[in-house]
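Here's the structure, in C-alpha cells; my notes come after.
The values are calculated or read from the model by the stated rules, or taken from the named source; none is laboratory data. Note that this is a predicted model, so its numbers are computed, not measured. We place every Cβ from the backbone using ideal geometry, glycine too, and count neighbours over all the protein chains shown. Heavy atoms of the whole protein, side chains included, go into the accessibility calculation; ligands, DNA and RNA do not. Shrake-Rupley method; radii C 1.70, N 1.55, O 1.52, S 1.80 Å.
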Amino acid sequence: MIDTEKKQTKKRIYLSSPTMHGEEQQFVAEAFDTNWVAPLGPNVNQFEAEMVAYTGCGYAAALSAGTAAIHLGLKLLGVGQDDVVFVSSLTFSASCNPILYEKATPVLIDSEPDTWNMSPKALEKAFEVYPNPKAVVLVHLYGTPAKLDEIMEICKKHNVPILEDAAESLGATYDGRHTGTFGRIGIYSFNGNKIITTSGGGMMVSQEEALVQEARVLSTQARDPARHYQHSKIGYNYRMSNIVAGIGRGQLMHLEEHLKHKKAIYARYKEAFADIAEIAMNPLNPKGDANNWLSCITLKQGCHVTPDRIMDALEEQNIESRPIWKPMHLQPVFEKYPFFSHYESKNETENDSSVSEDIFNRGVCLPSDIKNTEDDMNQIIDIIRGLF
Ligand SMILES: *Cc1c(COP(=O)(O)O)cnc(C)c1O
C-alpha cells in the first residue's frame, strides 16, 4: 500500500516530462503578433525546414501527431483493406493502431535480445508465411536503433518498403545517419514525454518529395487545386498548427542538450547498478548512438526483486516509473493477429515463448527526466539499491 499522505508532501519525480527553455514562447508570441494562428504559417514551414536540416530526412510534413504520421505513411505506401503489414510487437499501440484504421492485418514481429528491436530471424519467418506484406513498420524502442543493416537487407530482398517509427528515437543515429531517414517513410513524435515536445505533434518524412507533398494534401482535407472546394479523395485534418510548430522550433534548438542529459542519466544508472548482478541496463546498438529517451533495466530471471516491487518502492516516494510496453501480441485487441517469435520453439527458454514477453516480464523504465537533479538521481538509485 502506498502512503498517500507522505507522498503528497514530496516533490514528484517524473519519468519524462516536458522541459521548456523560453524560445518556445517567443516563437508562439510571434505567431500571435502576426496573427498566424492557423494550421499553416511560417513556424510550420520553418519547423519542417529545421527538422530536415537537422536529420537529413529530405522532406518533412508537420502533423498533429506521430500516430497521424504513421496513418498517412501507411496510406502513401498503398496499405488498404486486407493487406498485410509487419510491425514490431514490442512497442506502443500507436505503431499498430493505424494498420487497423485501414482495415489491414497486422502481423506482429518479436524482438531480438541485442537491441530489443525487430528480430531479423522472426522477420524472415514471417516472410515465409506472408511473402507479400505491403509494408514493415520498424520501431526504434526507447531510442535504441534497430539492427538496420539486417532488417533493410531482408526488406530489400523481398521488395517491401519500411515505414520507420522513430517516434521515440529522434536524435539517435545508426552508422552516423539519423534514425527516421532509413525507411522509405519515417515518422517522429513530439508528444508530451518524448525527447522534445510540442505538447502534441508529429512529422512524416521522406527523401521522396512527392510522398511528403501528398501527406500535406491529405492532412489538410485533400482539396483539389481549384478555387471552389473540390475533393476527389478522402482527406484528414492532421496538419500541425503554427502555434504548436513554434513550440517545436524552440525545442529543436535544445535537442542536443536534451541528448547529453539523457545520455548522462543512462550512464549514471549503469554505473550505479554495475555491482548488482541481478540488474542489467537496456541494451544499446554498437553500430549506432542511442538518444537514451528512457533508461530501462531488466532483472535477472528468478530475481527476488520484481519489476512491481521496484515500481511500488519508487511510487511510495512519489517517483514515477513505468513497465516496459506490453507487447502487442499479448494485447486483448491484437492477440488474434499472427505473431512470429525470435525463438525456434517454445522450449528455447524456460519461462517465455518470446523475447518481447521476457523483456516485458523482467523490465522497468526508470525516471529519465532531464530535469532530475543529482539529489533526485541519488534518491532513485538508493531506493532501488536498497531492495537488493
Ligand atoms: C509516442 C509513440 C507514437 C505515437 O506518437 P503520438 O505523437 O503520441 O501520436 C508512435 N510510436 C511509438 C513507438 C511511440 O512511442
Normalised radius of gyration for region 1-111, please: alpha carbon Rg relative to 2.2 N^0.38 Å, two decimal places.
1.53
Once every Cα of region 98-163 carries one equal point scatterer and solvent is ignored, give the base-10 log of I(q)/I(0) from the Debye formula at q = 0.13, 0.19 Å⁻¹, two decimals.
-0.34, -0.72
Solvent-accessible area per residue for region 181-263 (1.4 angstrom probe, square angstrom)
44
Restricting attention to the alpha-carbon atoms of region 21-74, what are Rg (one decimal) and Dmax (integer), both in Å?
12.8, 37
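Counting only protein chains, not ligands or nucleic acids, how are 37, 137 ordered by accessible area (probe 1.4 Å), most first?
Working: 37 80, 137 0 Å².
In descending accessible area the options line up as 37, 137.
Per the Kirkwood treatment, what hydrodynamic radius in Å, one decimal, follows for region 282-365 from the mean inverse distance over all distinct Cα pairs? Before the final figure, lay out each step's value.
Details: mean 1/r = 0.0680 Å⁻¹.
14.7 Å is the Kirkwood radius here.
Sort 340, 127, 32 by heavy-atom solvent-accessible area, probe 1.4 angstrom, most to least.
Working: 340 30, 127 5, 32 125 Å².
Heavy-atom accessible area, descending, gives 32, 340, 127.
Please quote Rg/Rh for region 234-388 to two decimal places, taking the Kirkwood radius as Rh and restricting both calculations to Cα atoms. Mind showing how you got there, number by number?
On the way: Rg = 18.8 Å, Rh = 18.1 Å.
Looking at region 234-388, the ratio lands at 1.03.
Ignoring everything except DSSP H segments at least 4 long, calculate the 222 nm mean residue ellipticity for the chain; use -39,500 (n - 2.57) per segment, divide by total residues, nearest 500.
Numbers: 13 runs with 136 residues, N = 388.
Result for the chain, helices only: -10500 deg cm²/dmol.
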Backbone HN-Hα couplings from phi across region 248-253 [Karplus 6.51/-1.76/1.60, Hz, Gly and Pro as x]
x, 4, x, 5, 4, 4
Quick one: among 266, 54, 238, which has the greatest mean-square fluctuation in a GNM of the chain with alpha-carbon springs under 10 angstrom?
54
At a probe radius of 1.4 Å, what is the per-residue accessible area of residue 75, in Å² to the nearest 10?
60
Quick one: 3J(HN,Hα) in Hz for region 315-324, Karplus 6.51/-1.76/1.60 with θ = phi - 60°, rounded, Gly and Pro as x.
4, 4, 9, 6, 10, 7, 9, 7, x, 4
Filtered chymotrypsin sites (Phe, Trp or Tyr not before Pro), region 178-231: DSSP coil and at most 11 other beta carbons within 10 Å:
229
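Which whole number in µm²/s is D for region 199-280 by Stokes-Einstein, with the Kirkwood Rh taken over Cα pairs at 20 °C and 1.002 mPa s? Could you put the intermediate results ahead of the total?
On the way: Rh = 16.8 Å.
The diffusion coefficient I find is 127 µm²/s.
In whole percent, and with a 1.4 Å probe on the protein chains, what portion of the accessible area of region 213-298 is carbon and sulfur? Working shown, then result.
Working: 2340 of 4180 Å².
In region 213-298, the share of accessible area belonging to carbon and sulfur is 56 percent.
Could you look at region 74-168 and say what percent of its accessible area is carbon and sulfur, using a 1.4 Å probe and all protein chains? Display every interim value, and only then the final one.
On the way: 1460 of 3060 Å².
Carbon and sulfur atoms account for 48 percent of the accessible area of region 74-168.
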Using 0.36 nm times the number of residues separating residue 227 and residue 149, minus their current alpha carbon distance, what extension gain do you get?
23.4 nm
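Can you tell me the FRET efficiency between residue 335 and residue 308 if r is taken as the Cβ-Cβ distance and R0 is 22 Å, rounded to the nearest 0.05? Can you show the working numbers first?
Numbers: r = 22 Å, r/R0 = 1.01.
The formula returns an efficiency of 0.50 here.
Taking the Cα centre of region 292-388 as origin and charging only Cβ (+1 Lys, Arg; -1 Asp, Glu), how large is the dipole, in debye to the nearest 20? Walk me through the numbers before you get to the answer.
On the way: 9 positive and 17 negative charges, 53 e Å.
For region 292-388, the charge dipole is close to 260 debye.
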For residue 139, list long-range residues whose amide hydrogen, built 1.01 Å from N in the peptide plane, is under 5 Å from its own amide hydrogen.
88, 118, 165
Pull up all non-local amide H partners of residue 239: gap of 5 or more, or a different chain, and H-to-H distance under 5 Å with H placed in the peptide plane.
64
Work out how far the C-alpha atoms of region 142-196 reach from end to end along every principal axis, then list the three figures in whole Å, largest first.
37, 19, 15
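On alpha-carbon atoms, Rg over Rh for region 76-230 using Kirkwood Rh? Spell out each step's value before the answer.
On the way: Rg = 15.9 Å, Rh = 16.2 Å.
Using Cα coordinates only, the ratio equals 0.98.
Any idea what the dipole of the chain comes to, in debye rounded to 20, about its Cα centre with Lys/Arg Cβ at +1 and Asp/Glu Cβ at -1? List each step's numbers first, then the result.
Numbers: 37 positive and 50 negative charges, 156 e Å.
For this selection, approximately 760 debye.
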Would you be so kind as to identify which of 204, 220, 160 lies farthest towards the positive end of the dipole of region 152-255, taking Lys and Arg as +1 and Asp and Glu as -1 on Cβ and the Cα centre as origin?
220
Shape call for region 166-234, from the Cα gyration tensor axes a ≥ b ≥ c (a/c under 1.5 means rounded, otherwise prolate when a/b beats b/c, else oblate), comes out oblate
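Taking a ≥ b ≥ c as the square roots of the Cα gyration tensor eigenvalues, with a/c under 1.5 meaning rounded and otherwise prolate when a/b beats b/c, else oblate, which class fits the chain? Numbers along the way, then the final one.
Working: a/c = 1.98, a/b = 1.20, b/c = 1.65.
Taking the square roots of the gyration eigenvalues as a ≥ b ≥ c, the chain is oblate.
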